[in-house]
Amino acid sequence: GETPVPPQLKWSFQGPFGKFDRAQLQRGFKVYREVCASCHGLSYVSFRNLSQPGGPEFSEAQVRALAAEYKIQDGPNEAGDMFERPGRAADRFPSPFPNENAAAAANGGKAPPDLSLMPKARTYERGFPWFIIDVFRQYSENGADYVTALLNGYEEAPQGFTVPEGGHYNHYYPGHVIAMPKPLSDGQVEYPKNEAGQPQAPETVDQYARDVTAFLTWTAEPHLEARKRLGFQAMLFLLVLSVLLYFTKKKIWARVG
Ligand code: HEM
């Protein structure tokens, strides 16, 4: 049948004053790293981006330590050889597979797509009546709704639906048969503890899905906060300019009529 519309979720980054939730981005990065990174690359993101303003804002020391845990292919050196070295803050995330063919071969013929731009790449426009609401949203928020719904969307195939070999039934994937096996399960990723010794957020599939989606929304749009700030300043400027022009016009035309 038809692919269902993903439920509309609340995101901290939606709306004209939307901002990313730093703690959520940090948790989402942990989910990416411990779960998604074994199959999906993040090739447009450098380690140092993780400490820049408007993102997860890890400290520079944390980022250097993180980068050093990765092995980066480099070279050729003076002898003409390729070599491996520990990562540096300026390096990009290494991909889990050397190329598209290897990635496809390891995943039953379908390569896991790079996740750097994912929620934006899955943006879509909705028909009536959703577009009325969508006027107040960004289309990339629909993409975030979709990615979260997809990660939550694994279920038993309905009676009479045959899932082909190597496929998995997903409620929200177009056509319902996806090559990605259910990646998340409850309790899989340990979250930082608060003062009471409790996890900062529930260690559930739904929370993991929301957190990793928020993180990927940042990787897809690292300047979202700056863009919204500038948009607001532009509106304010236009408002002040309009008032000044109105009184200027009144003064100039005062003697006419
Ligand atoms: C596809 C996200 C973990 C293998 C995808 C897609 C997204 C995604 C958004 C694109 C779906 C679409 O085309 O609409 C994630 C996230 C993960 C994760 C956020 C971690 C929580 C994994 C893991 C594997 C994997 C661990 C490998 C075991 C794949 C494959 C595809 C895919 C093979 C292509 C599916 C197809 O075209 O049928 N993933 N993924 N993913 N993922 Fe993942």
Members of segment 26-59 found to be among the hydrophobic types (A, V, I, L, M, F, W, C) and under 24 Å from residue 181 (Cα atoms), listed by number: 29, 31, 35, 36, 37, 39, 42
Residue in segment 200-224 that is surrounded by the most Cβ atoms within 10 Å (Cβ to Cβ), counting only those that are away from the ligand (no atom under 12 Å from the Cβ) and among the hydrophobic types (A, V, I, L, M, F, W, C): 218
In segment 41-52, the residues that are assigned to a loop (DSSP other than H, G, I, E, B) and touching a helix residue (DSSP H, G or I) at 6+ places or on another chain (Cβ under 8 Å): 42, 44, 45
Any chance residue 198 is of a type in the set (S, T, N, Q) and free of Cβ contacts under 8 Å to residues at least 12 places away in the same chain: yes
Residue check, residue 102 within 12 Å of the ligand (Cβ to nearest atom) and more than 30 Å from residue 223 (Cα to Cα): no
Among (1) part of a loop (DSSP other than H, G, I, E, B); (2) of a type in the set (A, V, I, L, M); (3) over 30 Å from residue 2 (Cα atoms); (4) in contact (Cβ under 8 Å) with a residue 12 or more places away in the chain - the single one residue 25 does not satisfy: (1)
Among residues of segment 191-209, those that are under 16 Å from residue 24 (Cβ atoms) and in a loop (DSSP other than H, G, I, E, B), counted: 8
Failed item in (1) of a type in the set (Gly, Ala, Ser); (2) under 18 Å from residue 154 (Cβ atoms); (3) buried (at least 19 other Cβ atoms within 10 Å of the Cβ), with residue 187 passing the rest: (3)
Conditions (1) among the polar types (S, T, N, Q); (2) touching a strand residue (DSSP E or B) at 6+ places or on another chain (Cβ under 7 Å); (3) closer than 16 Å to residue 21 by Cβ: number failed by residue 170: (3)
Complete set of residues in segment 143-163 that are away from the ligand (no atom under 13 Å from the Cβ) and of a type in the set (A, V, I, L, M): 157
Residue list for segment 53-80, filter: in a loop (DSSP other than H, G, I, E, B) and either surrounded by 12 or more Cβ atoms within 10 Å (Cβ to Cβ) or in contact with a helix residue (DSSP H, G or I) (Cβ under 6 Å, 6 or more places away or on another chain) (or both): 54, 55, 56, 57, 58, 70, 75
Checking residue 166 against (1) of a type outside the set (D, E, K, R); (2) within 14 Å of the ligand (Cβ to nearest atom); (3) over 23 Å from residue 4 (Cβ atoms); (4) surrounded by 14 or more Cβ atoms within 10 Å (Cβ to Cβ), the condition it does not meet: (4)
Selection status of residue 140, within 16 Å of the ligand (Cβ to nearest atom), at pLDDT below 95 and in a helix (DSSP H, G or I): yes
Matching residues in segment 13-47 - criterion: being within 15 Å of the ligand (Cβ to nearest atom) and polar (S, T, N, Q): 24, 38, 43
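The values are calculated or read from the model by the stated rules, or taken from the named source; none is laboratory data. Source: prediction; values computed, not measured. Cβ coordinates were reconstructed from backbone atoms using ideal geometry, including for glycine residues, and neighbour counts include every protein chain displayed.
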